[in-house]
Amino acid sequence: MDITPKYIKMCDCPEIQQVAERFYSEDPDTNYWEGPLCKIWLPRQDELQEMIPCLSTHINVQNLFEFTLTLPDIESWEQLWIRFLMYVKFNKVWDDKKDEWAKKVDGLLTTEKGEIS
């Protein structure tokens, strides 16, 4: 289970945290990181996979393979799957320079604050 500062930051977004309660109620072994002001759900690889629509289809398996070819070095399977989930479901990519999710708009990356990189 990835508990690195980078993965904690990747998980600390509304898209992931809004579904935490569903997983927590189904599995008492759910992983959380507790900071001084908040509690952040850290989804396991299988939980991330559950959130991807129709993962078992050939198209999504092919998309996952092609997606992995575009990634820089990743530190864990959880980081791979959260990147794929955010890309497929929310059209967002992880900006390694700014350590935050960015929305892809016409080939450009924009942060949640509207900055273009």
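So, in region 59-89, of the ones that are part of a helix (DSSP H, G or I) and polar (S, T, N, Q), which residue ends up modelled with the highest pLDDT?
Filtering first and then ranking leaves Q79.
With (1) modelled with pLDDT under 90; (2) charged (D, E, K, R); (3) assigned to a loop (DSSP other than H, G, I, E, B) as the list, and K98 as the residue in question, which single condition is left unmet?
(1)
Quick check: is even one residue across region 21-40 at pLDDT 90 or above and surrounded by 15 or more Cβ atoms within 10 Å (Cβ to Cβ)?
yes
For Q17, all conditions in the list (1) modelled with pLDDT of 90 or more; (2) crowded, with 16+ Cβ neighbours inside 10 Å hold save one; what is the number of the exception?
Evaluating Q17 over (1) modelled with pLDDT of 90 or more; (2) crowded, with 16+ Cβ neighbours inside 10 Å leaves (2) as the failure.
The values are calculated or read from the model by the stated rules, or taken from the named source; none is laboratory data. Bear in mind the structure is a predicted one, so any value in this text is a computation, not a measurement. Neighbour counts run over all protein chains shown; Cβ positions are idealised from the backbone, glycine included.
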